[in-house]
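One structure below.
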Amino acid sequence: MSESSQELQKKEAETPAGVERTRSEKVYIPAVDIIEKKDEMVVIADMAGCDENTVDITLEKNLLTIYGKVVPDKGDDLQPALFEYGTGDYQRSFTISEEIDRERINAKVKNGVLTIILPKAAAAKSRKIAVVSE
Amino acid sequence: MLLTEFDRFFEPFWGMPRYRQRGVRRRIDFPPFNVWLSDEKAVITTELPGLNPEDIELSVIGKVVTLKGTRKADDFKNGESYHRRERWHGSFTKSIELPFNIENQKVTANFAKGILKITLPRAEAEKPKKIEIRSE
């Protein structure tokens with residue numbers, strides 16, 4: 001694997017100017033894949049440390065926000081010796097288009113990976129325009 | 001800057017004194033590890049979301065822990081396209097040397113929610129022993 005160390009660093013999420021967080025935990029931006037399929041859009045996010053009970057997905061107007069809460073695993077009597085990655089919550093927002101059928105959005109979490117299925121509304125699926133000759 | 005006892009004890013582990021590393025961005029091999037130590041054991045955690053336990057191979061020889069794994073790319077069918085592709089895929093191998101030998105029969109590894117936690121007990125013969133000092 002030939003990744004530079006920069007790419008390995010988790011990116012911290014930014015807060016809008018003037019807005020502060022009430023919790024002191026760090027918040028990271030999860031890496032995502034967004035795949036467009038024929039009938040649906042799929043958003044896959046790496047959120048290690050999250051399960052179905054700690055991930056919140058909200059949809060407000062066009063803004064889809066995912067938030068994953070991570071409870072840090074503190075070692076009992078252990079001394080920290082090496083820290084190559086930070087632990088914290090995850091947050092990321094996406095704007096979704098009108099073609100998504102909001103009622104049928106569903107999500108699952110497996111092994112720390114969140115998969116959100118955003119089905120396309122029937123009308124948006126195929127809009128083939130016939131060209132006729134005169 | 002003075003070196004604390006802690007720095008001196010782990011100097012071989014870090015490769016160089018801690019004060020010299022501050023502010024210097026070291027190269028980190030994939031995947032990043034967090035390591036905790038005590039006199040009795042070491043604990044290593046690493047984030048491997050999307051892997052299954054059978055995709056991960058762990059081996060311990062003496063002081064060295066080696067982790068191997070593979071994450072496959074998503075199946076890419078006709079008519080599907082990526083709008084974003086940020087998640088890593090591929091194979092990795094990472095080795096780390098601990099400051100003491102490990103009782104490799106007693107190593108345990110637990111994989112949950114995409115996080116691997118390896119507990120490595122220190123070899124029995126190397127554990128620090130308290131020696132009583134008697135007055136005559």
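What follows is calculated from the coordinates using simple rules that are stated; it is not laboratory data. This one's a predicted model, so the numbers in the text were calculated from it and none came from an experiment. No Cβ is skipped: glycine too gets one built from the backbone with ideal geometry, and neighbour counts run over all protein chains shown.
For the range B:33-136, chymotrypsin sites (Phe, Trp or Tyr not before Pro) meeting the loop criterion (DSSP other than H, G, I, E, B) and having at most 14 other Cβ atoms within 10 Å: B:Phe76. Place +1 on the Cβ of every Lys and Arg and -1 on the Cβ of every Asp and Glu in the range B:38-136, take the dipole about the Cα centre, and give the residue among B:Phe76, B:Val43, B:Pro53 whose Cα lies farthest towards its positive end. Result: B:Phe76, furthest along the dipole toward the positive end. Within the range B:49-100, the GluC sites (Glu not before Pro) that combine a DSSP coil assignment with at most 15 other C-beta atoms in a 10 angstrom radius are B:Glu80. Each residue of the range B:29-36 is assigned a 3J(HN,Hα), and the resulting list reads 6, 7, x, x, 10, 10, 10, 10 Hz, derived from the Karplus form 6.51 cos²θ - 1.76 cosθ + 1.60 (θ = phi - 60°), x at Gly and Pro. Please give the net charge around A:Lys110, taking every other residue with its beta carbon less than 10 angstrom from that of A:Lys110, where Lys and Arg add +1 and Asp and Glu add -1. Charge balance in the 10 Å sphere: 0. Taking amide H atoms as placed 1.01 Å from N in the peptide plane, the amide H of B:Ala42 lies under 5 Å from those of B:Leu120, B:Arg122, each 5 or more residues away in sequence or on another chain.
Restricting the trypsin sites (Lys or Arg not before Pro) of the range A:36-104 to loop positions (DSSP other than H, G, I, E, B) with no more than 15 neighbouring Cβ atoms within 10 Å leaves A:Lys37, A:Lys38, A:Lys61, A:Lys74.
The residues packed around B:Ser91, meaning those with a beta-carbon under 9 Å from its beta-carbon, carry a net charge of +2 if Lys and Arg are +1 and Asp and Glu are -1.
For the range A:24-77, the direction-averaged projected area of the alpha-carbon convex hull comes to 5.6 nm². Near B:Asn78: Cβ cut-off under 12 Å, other residues only, Lys/Arg at +1 and Asp/Glu at -1. The net charge is +1. Across the range A:77-86, computed HN-Hα scalar couplings (Karplus, 6.51 cos²θ - 1.76 cosθ + 1.60, θ = phi - 60°) run 9, 9, 9, x, 10, 8, 10, 9, 9, x Hz from first to last residue, x flagging Gly and Pro.
For the range A:30-40, putting each phi into the Karplus relation 6.51 cos²θ - 1.76 cosθ + 1.60 with θ = phi - 60° gives couplings of x, 6, 10, 10, 10, 10, 9, 10, 4, 9, 7 Hz, in residue order, rounded to whole numbers and with x for Gly and Pro. Taken residue by residue and averaged, Cβ atoms of other chains lying within 10 Å of the Cβ of B:85-95 number 4.
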